[in-house]
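Visitor: Below are the structure tokens for one structure; questions will follow.
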Amino acid sequence: MPDFSIIHSVPFYEITALLVLAAGVGAVSLLLRQPMIVSFIAVGVLAGPSVFDIVHSREKVQLLADLGIALLLFLVGLKLDLKLIRSMGLVSLATGLGQVLFTSIAGYIIGLLLGFDAVMALYVAVALTFSSTIIIVKLLSDKKEVDSLHGRIAIGFLIVQDLVVVLAMMILSAFGVDSQTGIENSAFMRLGTVVLYGAFMLVFVVVFIRYLANPIVSRIVHSPELLITFAIGWAALLASLGSYLGFSKELGGLLAGVSLASTPFRETILSRLTTVRDFLLLFFFISLGMHIDLELLGSQIYPAILFSLFVLVGNPLIVMIIMGIMGYRKRTSFLAGLTVAQISEFSLIFIAMGLKLGHVSSETLGLVTLVGLITIALSVYMITYSHMLYDFLEPLLHIFEKRKSSVERMESTSLSGKGNYDIILFGLGRYGAAVADYLKNNGYRILGVDFNPDEVRRWKKLGFNVVFGDASDQEFIASLPLEGVQWVVSSVAQHDMGLTHEDPRIALIDALTRQGYKGKIAVSTQKIDEYDTLKHKGADVVFLPFYDAAERAAERLAEAMQCKLPHMNSAPD
């Protein structure tokens, strides 16, 4: 094995080695078209004590990882508001608690059947209930699905899970207190303290939103450098405060984002911090891989495979059952359910606390570590290719859906008519909304489609005919009134993974072709190298917003210059 002793002498050398290794492994992963998250976790394994043992200054890597976690949840919080909590609260609570209860009971029974003692079985069962908020949110962000219905529901029940994590950690730590002080009294006192601190944080955030958020950000936004510094500092401050008061860093960072979500500058903050977030999260995934000790895994392969199958299949199933009972369509339930098909980094922390207290052995830590490695790796692929997986399994999923959905029902008056629309427009973001407004003002009959419930409600209030739907949903496309429609236009943002079956534009073109749609199709892209491919896939027109705007601006400038030329030529010498 190579001698890396010179690297250990200076922490800067260690970070440099990590970045070089991450770039190399990432490049190979890109060539093989593998998800970056998996490759970065692999970097952590390679850099850890089991392989090259490159990094000894783990606390410095963990510091960067913690900052990345705070920033990730801060950016998620920027997209949330009180309407989301009201609309998604019931389903998030039901699915979150239902999944935790089911996984705990079933995991405990499996542990007993494998011959574990009651304490070990209970620890493993509870550890299996936690899903990784960081990994899920990162994947949903990469796929532009944080604002989708299933993305919002997933984030909702992940928040519920985080609260359960806090409670579980608190109860576990209570067992470490001297029995003379009274375990029950200690646990109740800790619970009361956490509730009190939680109320304090909520009041603080509400007051900040009401009186301070807009004035502060309005002044800071004039300096881009200061805006970035303030945003990162604010995210770190509330994450630290949440951790200090007994909550997780994730919840603190999320509250920091929510506190600024009502300001008119949140899009500016989002755009400026996305790259910083991705860089810092690199260290989170590396840190996660570094904690995987390969020496502990050998004797736990068969139990780990069984528990992994339980997490990968059982957790999504219970979420689908609960959401189906509540009236959600099988597609929404399936996509949301996939997000709980892995265990969390908190699972390892939970077992490590049990090991410190003498409740479980190092073999238990090895078992849960191997389950984490298997489920995280496989669930990344499941979520990345979720739409393709749904298309494959769709014939088997009818039992998870009511005959008539009571939650995602479509307005029959909007979709029942034939030939009522000239244009169907997917995506009501800034670009799509501008296109829709221009076309409507010019007398065209437009049906708008968006998978962000807030946008649907907002555009209905503005007088547009608009419905909730997903361009990647084959069933939804089949329900559209396509007869007589001249153009179907997509302004939906593309994936960062390239033009694949998962791309909503490709999925839309394929679905329209299957329905025998006879009109024209227009899609948009920000990448000029996708132009020919999209045309080949079946798009009649491909919009290039930046290039089109530049071309139009140049034309108007030329026209203005031509208008001035006669005057300029007639001027005296």
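The values are calculated or read from the model by the stated rules, or taken from the named source; none is laboratory data. What you are looking at is a predicted structure, and each value in this text was computed from that prediction instead of being measured. A quick note on method: Cβ atoms are made from the backbone with ideal geometry, for glycine too, and the neighbour counts reach across all protein chains shown.
Visitor: Report yes if some residue within segment 319-326 is assigned to a helix (DSSP H, G or I), aliphatic (A, V, I, L, M), touching a Ser or Thr at 6+ places or on another chain (Cβ under 9 Å) and closer than 22 Å to Leu114 by Cβ; otherwise report no.
Guide: Initial filter on segment 319-326 (assigned to a helix (DSSP H, G or I)): 319-325.
With the extra rule that they be aliphatic (A, V, I, L, M), the set shrinks to 319-323, 325.
Subset that is touching a Ser or Thr at 6+ places or on another chain (Cβ under 9 Å): 319-323.
So of that shortlist, the ones also closer than 22 Å to Leu114 by Cβ come out as none.
The answer is no; no qualifying residue exists.
Visitor: Let me ask something additional. Can you tell which of Phe102, Phe52 is modelled with pLDDT under 90, in the same structural domain as Met323 (by TED's automatic domain parsing) and farther than 21 Å from Leu378 by Cα? Break it down into steps so the answer makes sense when it comes.
Guide: Numbers: Phe102 fails: modelled with pLDDT under 90.
So the residue among Phe102, Phe52 that is modelled with pLDDT under 90, in the same structural domain as Met323 (by TED's automatic domain parsing) and farther than 21 Å from Leu378 by Cα is Phe52.
Visitor: Related question: Taking the stated definitions as given, is Ala231 under 17 Å from Leu63 (Cα atoms) and in contact with a Leu (Cβ under 9 Å, 6 or more places away or on another chain)? Write out each step before concluding.
Guide: Details: under 17 Å from Leu63 (Cα atoms): no; in contact with a Leu (Cβ under 9 Å, 6 or more places away or on another chain): yes.
Answer is no for this residue.
Visitor: For segment 255-279, give me the residue count where each residue is surrounded by fewer than 19 Cβ atoms within 10 Å (Cβ to Cβ) and closer than 19 Å to Leu63 by Cβ.
Guide: 3
Visitor: Please go through segment 190-225 and give me each residue that is under 18 Å from Leu241 (Cα atoms) and basic (Lys, Arg), ordered by number.
Guide: Arg190
Visitor: If I ask for residues that are surrounded by fewer than 20 Cβ atoms within 10 Å (Cβ to Cβ) and either at pLDDT 85 or above or not hydrophobic (A, V, I, L, M, F, W, C) (or both), which ones from segment 32-45 would you list?
Guide: The answer is Arg33, Gln34, Pro35.
Visitor: Among (1) modelled with pLDDT of 85 or more; (2) among the aromatic types (Phe, Trp, Tyr); (3) more than 19 Å from Val165 (Cβ to Cβ), where does Phe265 come up short?
Guide: (1)
Visitor: Can I ask one more? Contact list please: Cβ distance under 9 Å, first residue in segment 256-285 and farther than 21 Å from His222 by Cβ and in the same structural domain as Leu227 (by TED's automatic domain parsing), second residue modelled with pLDDT under 85 and not in a helix (DSSP H, G or I), pairs at least six apart or on different chains.
Guide: Gly257/Lys79; Gly257/Leu80; Val258/Leu80; Val258/Asp81
Visitor: Any idea which of Leu396, Leu389, Leu338 is free of Cβ contacts under 8 Å to residues at least 24 places away in the same chain and of a type outside the set (D, E, K, R)?
Guide: Values: Leu389 fails: free of Cβ contacts under 8 Å to residues at least 24 places away in the same chain; Leu338 fails: free of Cβ contacts under 8 Å to residues at least 24 places away in the same chain.
Testing whether each residue is free of Cβ contacts under 8 Å to residues at least 24 places away in the same chain and of a type outside the set (D, E, K, R) leaves just Leu396.
Visitor: To continue, here is another question. For segment 8-31, which residues satisfy the criterion of being aliphatic (A, V, I, L, M), closer than 23 Å to Ala377 by Cβ, free of Cβ contacts under 8 Å to residues at least 40 places away in the same chain and surrounded by 17 or more Cβ atoms within 10 Å (Cβ to Cβ)?
Guide: The answer is Leu21, Val25.
Visitor: Is it true that Asp510 is assigned to a helix (DSSP H, G or I), surrounded by fewer than 20 Cβ atoms within 10 Å (Cβ to Cβ) and in contact with a helix residue (DSSP H, G or I) (Cβ under 9 Å, 6 or more places away or on another chain)? First the steps, then the outcome.
Guide: Numbers: assigned to a helix (DSSP H, G or I): yes; surrounded by fewer than 20 Cβ atoms within 10 Å (Cβ to Cβ): yes; in contact with a helix residue (DSSP H, G or I) (Cβ under 9 Å, 6 or more places away or on another chain): yes.
Answer is yes for this residue.
Visitor: Of all residues in segment 458-477, how many are surrounded by 15 or more Cβ atoms within 10 Å (Cβ to Cβ) and assigned to a helix (DSSP H, G or I)? Let's see the steps before the verdict.
Guide: So the first thing to find is which residues in segment 458-477 are surrounded by 15 or more Cβ atoms within 10 Å (Cβ to Cβ), and the list is 458-460, 464-474, 476-477.
Restricting the remaining residues to those that are assigned to a helix (DSSP H, G or I) gives 458-460, 474, 476-477.
Number satisfying all stated conditions: 6.
Visitor: Turning to a different aspect of this structure: Exactly one of (1) at pLDDT 80 or above; (2) surrounded by fewer than 11 Cβ atoms within 10 Å (Cβ to Cβ); (3) closer than 25 Å to Ala434 by Cβ is unmet by Ala560. Its number?
Guide: (1)
Visitor: Got a number for residues in segment 128-182 being of a type in the set (Gly, Ala, Ser), at pLDDT below 80 and outside any helix (DSSP H, G or I)?
Guide: 3
Visitor: Let me ask something else about it. I want to confirm something. Restricting to segment 19-50 and keeping residues that are closer than 11 Å to Gly289 by Cα and of a type in the set (Val, Ile, Thr), which single residue is farthest from the chain's Cα centre (by Cα)?
Guide: To start, the set of residues in segment 19-50 that are closer than 11 Å to Gly289 by Cα comprises 37-50.
Going one step further and asking which of them are of a type in the set (Val, Ile, Thr), we end up with 37-38, 41, 43, 45.
Numbers: Ile37: 13, Val38: 16, Ile41: 18, Val43: 22, Val45: 24 Å.
Here the residue is Val45.
Visitor: Further question: Within segment 486-507, track down each residue that is in a loop (DSSP other than H, G, I, E, B) and either at pLDDT 65 or above or buried (at least 17 other Cβ atoms within 10 Å of the Cβ) (or both).
Guide: Answer for segment 486-507, where residues must be in a loop (DSSP other than H, G, I, E, B) and either at pLDDT 65 or above or buried (at least 17 other Cβ atoms within 10 Å of the Cβ) (or both): Gln486, Ser491, Val492, Ala493, Gln494, His495, Leu499, Glu502, Asp503.
Visitor: Moving to a separate point now. So which residues in segment 365-398 are in a helix (DSSP H, G or I), farther than 20 Å from Gly289 by Cβ and in contact with a helix residue (DSSP H, G or I) (Cβ under 8 Å, 6 or more places away or on another chain), if there are any at all?
Guide: Of the residues in segment 365-398, the ones in a helix (DSSP H, G or I) are 365-384, 386-396, 398.
Then drop every residue that is not farther than 20 Å from Gly289 by Cβ, which leaves 386-396, 398.
Once the filter is applied, which keeps residues that are in a helix (DSSP H, G or I), farther than 20 Å from Gly289 by Cβ and in contact with a helix residue (DSSP H, G or I) (Cβ under 8 Å, 6 or more places away or on another chain), segment 365-398 yields Ser386, His387, Leu389, Tyr390, Asp391, Leu393, Glu394, His398.
Visitor: Could you tell me whether Leu335 is over 20 Å from Leu396 (Cβ atoms) and among the aliphatic types (A, V, I, L, M)? Can you show your working first?
Guide: Values: over 20 Å from Leu396 (Cβ atoms): no; among the aliphatic types (A, V, I, L, M): yes.
It is false that Leu335 is over 20 Å from Leu396 (Cβ atoms) and among the aliphatic types (A, V, I, L, M).
Visitor: If you don't mind, another one. Exactly one of (1) at pLDDT 85 or above; (2) under 21 Å from Met320 (Cα atoms); (3) surrounded by fewer than 23 Cβ atoms within 10 Å (Cβ to Cβ); (4) not small (Gly, Ala, Ser) is unmet by Leu84. Its number?
Guide: (1)
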